[in-house]
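One structure is given below, encoded as structure tokens.
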Amino acid sequence: MADFVPRSVLVTGGAGFIGSNFINHFMPANPGCRVVNLDILTYAGNLKNLVGVERNSDYRFVKGDIGDADLVSRLLAEERIEAVIHFAAESHVDRSITGPEIFVRTNVLGTQVLLEESRKHWQSGAVECFRYLQVSTDEVYGSLGETGYFHEETPLAANSPYSASKAGSDLLVRAYHETFGLPALITRCSNNYGPYQFPEKLIPLIIRNIIEQRPLPVYGDGKNVRDWLHVKDHSEAIETVLKKAKPGEVFNIGGNNEWQNIAIVQLLCDMLDSRLGRAAGENRGLITFVTDRPGHDRRYAISAAKIKRELGWEPSYTFERGIAETIDWYLANRQWVDEVTSGSYREYYEQQYGGR
Ligand code: NAD
Ligand code: DAU
């Protein structure tokens, strides 16, 4: 089958962590392809992540809601969109425990609007070819015991309001493919790390707290396991699925890189001791065990055998290299961290895009 090469893509949530890394990777790799970034700019959306592409004439940013059917319909038509790559979501598990409603609104209802407008656009015949790609998560599979892996056939067993909302949206994608034939794809990736991740997630939170010599909160006994993948590898996997996969398929994405949380936190402490000129072992003194997250999934581990076998994707980062580069990025970008945590980065939108 020849590769699907879209000429115009709608990226939702492109100002967030993975969406911005994806655009920064995709645009130079696909010159001439139009990229429209639809993002409502919640606390997690930051246009400064995209300074490298914002002057590219093929790039357009639109501030708006994926749940706004008129806006989505207009963008699909006027930009003759051939692929929707759907990152936009509420993404943080802890926030879904304290406030689940917005997770259902954005992740379930917002996805349904995007699917419905995609269906109408595709069925109108306005474009010759079309793909809808849903960026999902391994969390929809629930929790593993000490052994075994999540496969694409593993039953969905979401445990947090966040993962339930992602599972709900995945099922809507499946339904739009089965019922209407919408050429849709789903990817399910493990935990990502890398530049531009909001410092509420484990790795950037711990790096920031070490730098500022604040307590390092480790939930429960610290022995929960996550399977970490560099965000650049995730971006390349999404591009591969978009271009090479048969519609209707699901692909797991992961790097075979399991770590207990406490081991990750200790590693970050030790790598930052030398970088910050502190004594060996000093940062570990900041580790503080705190009350566990309710419903905390014990272990995630993903089998990425299908995408490797069928589409030839392989991660290129070793964890050693990826984590060292990530630490160094956060050390070199203290202003970015300060701005996103204080919220002052929001003024950038008004300066750059106000009035447009
Ligand atoms: P993020 O929270 O960093 O970014 C989400 C983006 O979506 C933000 O820019 C936000 O402004 C935007 N957004 C939120 N609601 C919107 C709405 N109604 N309309 C338009 N834009 C809206 O998230 P992330 O970590 O980059 O995750 C991106 C996607 O990847 C999510 O769908 C998430 O479920 C999935 N995912 C994340 C990981 C991970 O480790 N972070 C792993 C696997 C899958
Ligand atoms: O697996 C993919 C998922 O990974 C994505 O779908 C989610 O969007 C993303 O947020 C992430 O979910 P997690 O809950 O696994 O990530 P988080 O960084 O919040 O936590 C990672 C692990 O670290 C988890 O076991 C909880 C623990 N933790 C987290 C925080 C923020 C702590 O021990 N202390 C902390 O302060």
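The values are calculated or read from the model by the stated rules, or taken from the named source; none is laboratory data. Remember, it's a predicted structure, so these values are computed and weren't measured experimentally. Here the Cβ positions follow ideal geometry from the backbone for every residue, glycine too, while neighbour counts run over all protein chains shown. These accessible areas exclude ligands, DNA and RNA; they are computed on the full protein's heavy atoms, side chains included. Shrake-Rupley method; radii C 1.70, N 1.55, O 1.52, S 1.80 Å.
Values computed for the structure shown
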| quantity | calculated |
| --- | --- |
| Enumeration of residues in segment 108-135 that are among the hydroxyl-bearing types (Ser, Thr, Tyr) and surrounded by fewer than 24 Cβ atoms within 10 Å (Cβ to Cβ) | SER124 |
| Single residue of segment 68-87 satisfying the filter (assigned to a helix (DSSP H, G or I) and crowded, with 16+ Cβ neighbours inside 10 Å) that is nearest to ligand 2 (Cβ to nearest atom) | VAL72 |
| Residues (open to solvent by 30 Å² or more (accessible area, probe 1.4 Å) and touching a residue at least 60 places away in the same chain (Cβ under 8 Å)) located in segment 165-174 | LEU172 |
| Residue that is farthest from SER169 (Cα to Cα) [pool: residues in segment 88-107 that are in a loop (DSSP other than H, G, I, E, B) and open to solvent by 40 Å² or more (accessible area, probe 1.4 Å)] | PRO100 |
| Single residue of segment 178-217 satisfying the filter (of a type in the set (Lys, Arg) and more than 25 Å from GLN112 (Cα to Cα)) that is most open to solvent (accessible area, probe 1.4 Å) | ARG214 |
| Failed item, numbered, when ARG293 is tested on (1) in contact (Cβ under 8 Å) with a residue 60 or more places away in the chain; (2) away from ligand 1 (no atom under 16 Å from the Cβ); (3) touching an Asp or Glu at 6+ places or on another chain (Cβ under 8 Å) | (2) |
| Any hit, segment 44-67, residues being modelled with pLDDT of 95 or more, closer than 25 Å to GLU347 by Cβ, within 16 Å of ligand 2 (Cβ to nearest atom) and open to solvent by 20 Å² or more (accessible area, probe 1.4 Å) | yes |
| So TYR162, is it in contact (Cβ under 8 Å) with a residue 60 or more places away in the chain and open to solvent by 60 Å² or more (accessible area, probe 1.4 Å) | no |
| Leading residue by the ranking (nearest to GLN112 (Cα to Cα)) among those in segment 25-41 that are out of contact with any Lys or Arg (no Cβ under 9 Å at 6 or more places or on another chain) and buried (at least 17 other Cβ atoms within 10 Å of the Cβ) | PHE26 |
| Strands (runs of 3 or more DSSP E) enclosed by segment 175-264 - at least 3 residues per element that are in contact (Cβ under 8 Å) with a residue 60 or more places away in the chain and either under 19 Å from the mean Cα position of the chain (by Cα) or within 14 Å of ligand 2 (Cβ to nearest atom) (or both) | 184-189, 191-193, 216-219, 225-230, 250-253 |
| Filter result for the condition that a residue is touching a helix residue (DSSP H, G or I) at 6+ places or on another chain (Cβ under 9 Å) and more than 15 Å from ligand 1 (Cβ to nearest atom), over ILE186, ILE211, ILE203 | ILE211 |
| First in segment 145-159 and more than 14 Å from LEU171 (Cβ to Cβ) and touching a residue at least 60 places away in the same chain (Cβ under 8 Å), second anywhere and part of a loop (DSSP other than H, G, I, E, B) and open to solvent by 80 Å² or more (accessible area, probe 1.4 Å), Cβ under 6 Å, 6 or more apart | none |
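Residue by residue, here is whether (1) more than 16 Å from ligand 2 (Cβ to nearest atom); (2) polar (S, T, N, Q); (3) at pLDDT 95 or above holds:
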site: LEU109; (1), (2), (3): yes, no, yes
site: GLN112; (1), (2), (3): yes, yes, yes
site: GLU116; (1), (2), (3): yes, no, yes
site: VAL127; (1), (2), (3): yes, no, yes
site: ARG131; (1), (2), (3): yes, no, yes
site: ASP138; (1), (2), (3): no, no, yes
